[in-house]
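Report on the following structure.
The values are calculated or read from the model by the stated rules, or taken from the named source; none is laboratory data. Predicted model only: the values in this text are computed from it and were never measured. In this analysis, Cβ positions are derived from the backbone assuming ideal geometry, glycine residues included, and neighbour counts consider all displayed protein chains. Heavy atoms of the whole protein, side chains included, go into the accessibility calculation; ligands, DNA and RNA do not. Shrake-Rupley method; radii C 1.70, N 1.55, O 1.52, S 1.80 Å.
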Amino acid sequence: MKALIIDDSRTMRMIIGRILRELGFEIHEAGNGIEGLDRLREIGQPDITLVDWNMPEMTGFEFLKAVRAQSEYDSMKLMMVTTETEMNQVANALDAGANEYVMKPFTKDVIKEKLSLLGVA
Amino acid sequence: MALSRNDFEYVRELLRTECAIVLEPGKEYLVESRLCPLAQRLGLGTLDALIAKLRREPVNGVHRQVIDAMTTNETLFFRDLHPFETLKKTIVPELLQRRAPARTLRIWCGACSTGQEPYSIALLLRDNFPQLFGWRLQLLATDLCRDVLERARTGRYNQLEMNRGLPASMLVKHFAKVSADQWQLREEVRSMVEFQEMNLARAFPPMPSFDLVFLRNVMIYFDTETKRAILARIRRVLAPDGYLFLGCAETTLNLDDSYETVTLGKTMCYRQKAATAGAQTF
Ligand SMILES: C[S@@+](CC[C@H](N)C(=O)[O-])C[C@H]1O[C@@H](n2cnc3c(N)ncnc32)[C@H](O)[C@@H]1O
């Protein structure tokens with residue numbers, strides 16, 4: 001199983017990466033939305049993509065919209081992992097095609113439980 | 001501030017007699033970490049002083065607070081997920097048919113903690129079974145611990161609790177953000193659940209017959225004798241064709257053979273064997 005982690009913080013990518021690796025995922029990383037799109041083209045469709053919201057160059061929200069505009073990624077599972085916790089932000093992310101939403105900070109269990117909601121892991 | 005052996009034994013005995021919770025030897029650290037903060041809060045300073053006070057006085061409010069502090073209340077929305085999927089896919093549709101004549105559905109969560117379990121059931125019913133509108137739906141949620149019941153009634157959860165097991169779509173649809181770190185379940189869902197204090201280790205109060213009983217992740221704390229007694233009492237309040245749900249690490253096997261296991265996908269639940277259903281005398 002493949003996971004793509006898009007976050008501008010290396011530490012955060014490491015934390016999430018460690019959790020997912022433990023669950024048996026092969027990890028790919030990107031530091032912003034543009035890199036994320038590049039990575040997608042390189043690695044093909046991951047089983048899950050975890051995306052931060054606030055990042056330079058291209059935000060997670062823009063990434064989400066860009067990905068959902070391409071039909072080849074229709075079935076790709078996308079989860080926002082962000083410090084943004086306002087209701088309208090969660091609602092907008094879901095409307096734009098996010099499948100789940102994690103509010104930072106989180107624990108290992110949170111990630112596992114959300115993945116099981118999505119039917120991955 | 002180490003706990004003396006005598007004091008540990010005292011707390012063990014208190015928990016055993018008041019709520020059947022078994023505290024294994026070696027769990028001294030648990031008593032210390034949970035009761036030291038309480039001793040401070042009560043202005044007693046040390047754990048020694050708190051236990052001395054408990055010993056001096058008949059069982060009262062302070063003993064209750066100690067028991068509350070010693071219970072493990074961890075829970076989350078849609079815990080283990082598959083039991084709720086089974087409810088949605090199989091069990092509730094089946095019950096809707098069988099209960100159609102009376103249009104009544106009764107569900108009991110016997111160790112509801114801060115409410116995530118009964119509210120998960122309420123959310124599931126509300127979002128998936130609009131046919132239930134107009135039915136008499138009773139969702140009773142009980143726990144021993146008053147603190148958790150009080151929190152459950154408010155339907156307020158912090159960020160970590162909101163992150164745990166709750167689908168984001170339900171967050172958006174059924175909660176309001178009420179402060180930087182607090183969300184509250186909307187009144188129309190909260191009002192579907194009735195919370196009451198109840199000790200499973202004592203005789204049950206008069207109760208109707210329930211179609212579904214959830215008793216998850218609580219029997220693990222009890223000894224065999226208590227588990228047997230509780231399973232026997234549950235038989236009297238479980239409808240002959242109703243289902244009992246236990247936690248993943250819990251079972252009726254080798255405890256009470258008047259239950260049979262029903263396996264539905266990943267979910268194991270329990271039902272009374274036809275011959276024994278409704279035939280108990282106590
Ligand atoms: C770990 S929680 C389980 C919550 C929920 N059922 C779940 O599975 O997520 C256990 C709960 O059992 C309650 N409890 C412990 N002893 C009890 C007793 N004798 N009677 C009723 N509730 C009890 C505790 O207060 C606690 O809230």
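Annotations
- For the stretch B:105-118, filtering for residues that are open to solvent by less than 30 Å² (accessible area, probe 1.4 Å) and away from the ligand (no atom under 11 Å from the Cβ) leaves 3.
- Elements of type helices (runs of 4 or more DSSP H) contained in the stretch B:1-96, each with 1 or more residues being closer than 30 Å to B:Leu132 by Cα and open to solvent by less than 60 Å² (accessible area, probe 1.4 Å): B:82-86
- None of B:Glu57, B:Glu32, B:Glu28, B:Glu74 is within 14 Å of chain A (Cβ to nearest Cβ) and of a type outside the set (S, T, N, Q) except B:Glu74.
- So B:Leu125, is it more than 16 Å from the ligand (Cβ to nearest atom), surrounded by 17 or more Cβ atoms within 10 Å (Cβ to Cβ), more than 14 Å from chain A (Cβ to nearest Cβ) and assigned to a helix (DSSP H, G or I): yes
- Sole residue being open to solvent by 20 Å² or more (accessible area, probe 1.4 Å), more than 13 Å from the ligand (Cβ to nearest atom) and of a type in the set (Asp, Glu), chosen from B:Glu194, B:Glu150, B:Glu161: B:Glu194
- Residue list for the stretch B:183-202, restricted to those being away from chain A (no Cβ under 11 Å), over 17 Å from the mean Cα position of the chain (by Cα) and part of a strand (DSSP E or B): B:Gln184, B:Leu185
- Filtering B:Asp256, B:Asp241 for residues that are open to solvent by 20 Å² or more (accessible area, probe 1.4 Å), away from the ligand (no atom under 13 Å from the Cβ) and either aromatic (Phe, Trp, Tyr) or in the same structural domain as B:Ile107 (by TED's automatic domain parsing) (or both) leaves a single hit, B:Asp241.
- Taken over the stretch A:3-33, the criterion of being more than 12 Å from the chain's Cα centre (by Cα) and either basic (Lys, Arg) or open to solvent by 80 Å² or more (accessible area, probe 1.4 Å) (or both) is satisfied by A:Arg10, A:Thr11, A:Met14, A:Arg18, A:Arg21, A:Glu22, A:Glu26.
- Tabulated pairs, the stretch A:84-97, first more than 10 Å from chain B (Cβ to nearest Cβ) and under 18 Å from B:Asn158 (Cβ atoms), second open to solvent by less than 40 Å² (accessible area, probe 1.4 Å) and assigned to a loop (DSSP other than H, G, I, E, B), C-beta under 6 angstrom, 6+ apart or interchain: A:Glu84/A:Trp53
- Set side by side, the residues A:Glu72, A:Glu42, A:Glu113, A:Glu86 differ, and just one is closer than 22 Å to B:Gln184 by Cβ and open to solvent by 40 Å² or more (accessible area, probe 1.4 Å), which is A:Glu86.
- Complete set of residues in the stretch B:209-235 that are outside any loop (DSSP other than H, G, I, E, B), more than 17 Å from B:Asp256 (Cα to Cα) and more than 9 Å from the ligand (Cβ to nearest atom): B:Phe210, B:Asp211, B:Leu212
- Of B:Ala180, B:Ala168, B:Ala176, all but one fail to be in contact with an Asp or Glu (Cβ under 6 Å, 6 or more places away or on another chain), within 14 Å of another protein chain (Cβ to nearest Cβ), of a type in the set (A, V, I, L, M, F, W, C) and without any contact (Cβ under 8 Å) to a residue 12 or more places away in the chain; the exception is B:Ala168.
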